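The values are calculated or read from the model by the stated rules, or taken from the named source; none is laboratory data. Just so you know, these numbers come straight off a predicted model, no measurement behind them. Using ideal geometry, Cβ is built from the backbone for each residue, glycine included, and neighbour counts are taken over all protein chains shown.
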């Protein structure tokens, strides 16, 4: 049975495309935001600041060759945090632009980006709760790569929660496990930066 939710703005039922979807359309999301948040510049300024932090964190992952594993793990944790924050902000406030940028890619590239980001959401959700940062990464001849991980325990989650968590896990195993950490984070950062540039007004 296909999951449906009720839009928090207009009350219409809709099928969510993403885990935390709350509105049936971009218009409802914008209307809700104006009523509950107020100045749209606040969201834009927060995104601008988060983009800078994301880029700095991703840049540090390209300079980890001489660092000990504990420091690399901390750098990975920080980069994943900022990537997922920026991704969530763009999905929430600029969903049409987000989808347009994906649609402008080849089907293969778009699917790759979406699975990269789903895999990074899995990492974020597991960090500090079920796994330590160092358990996600391992060194090899090419640098630091993502480890292959066993399926997570999901019995405590609702059926819907289990579906979302396992879909993120499968994306992690499919796209991240065995791949270079810096390369995957850089790919996600490039997409998010491009999307933000398309979404934000030129100063």
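Scanning region 150-161 for residues that are modelled with pLDDT under 85 and within 16 Å of residue 129 (Cβ to Cβ) yields 153, 154, 155, 156, 157, 161. Would you check if residue 127 is surrounded by 20 or more Cβ atoms within 10 Å (Cβ to Cβ) and within 25 Å of residue 62 (Cβ to Cβ)? When the stated conditions are applied, residue 127 does not pass them. Taking the criterion of being part of a loop (DSSP other than H, G, I, E, B) and touching a helix residue (DSSP H, G or I) at 6+ places or on another chain (Cβ under 7 Å), the residues of region 155-203 that qualify are 157, 200.
For region 93-104, name all the residues that are surrounded by 15 or more Cβ atoms within 10 Å (Cβ to Cβ) and in contact with a helix residue (DSSP H, G or I) (Cβ under 7 Å, 6 or more places away or on another chain). 93, 94, 95, 97, 98, 101, 102, listed by residue number.
Within the bounds of region 25-41, is there any residue that is in contact with a helix residue (DSSP H, G or I) (Cβ under 6 Å, 6 or more places away or on another chain), in a loop (DSSP other than H, G, I, E, B) and at pLDDT below 85? No, every residue in region 25-41 fails to be in contact with a helix residue (DSSP H, G or I) (Cβ under 6 Å, 6 or more places away or on another chain), in a loop (DSSP other than H, G, I, E, B) and at pLDDT below 85. Taken together, the residues in region 118-149 that are under 21 Å from the mean Cα position of the chain (by Cα) and assigned to a loop (DSSP other than H, G, I, E, B) amount to 7. If you check residue 70 against the conditions, is it part of a helix (DSSP H, G or I), touching a helix residue (DSSP H, G or I) at 6+ places or on another chain (Cβ under 9 Å), without any contact (Cβ under 8 Å) to a residue 60 or more places away in the chain and closer than 27 Å to residue 139 by Cα? Answer is no for this residue.
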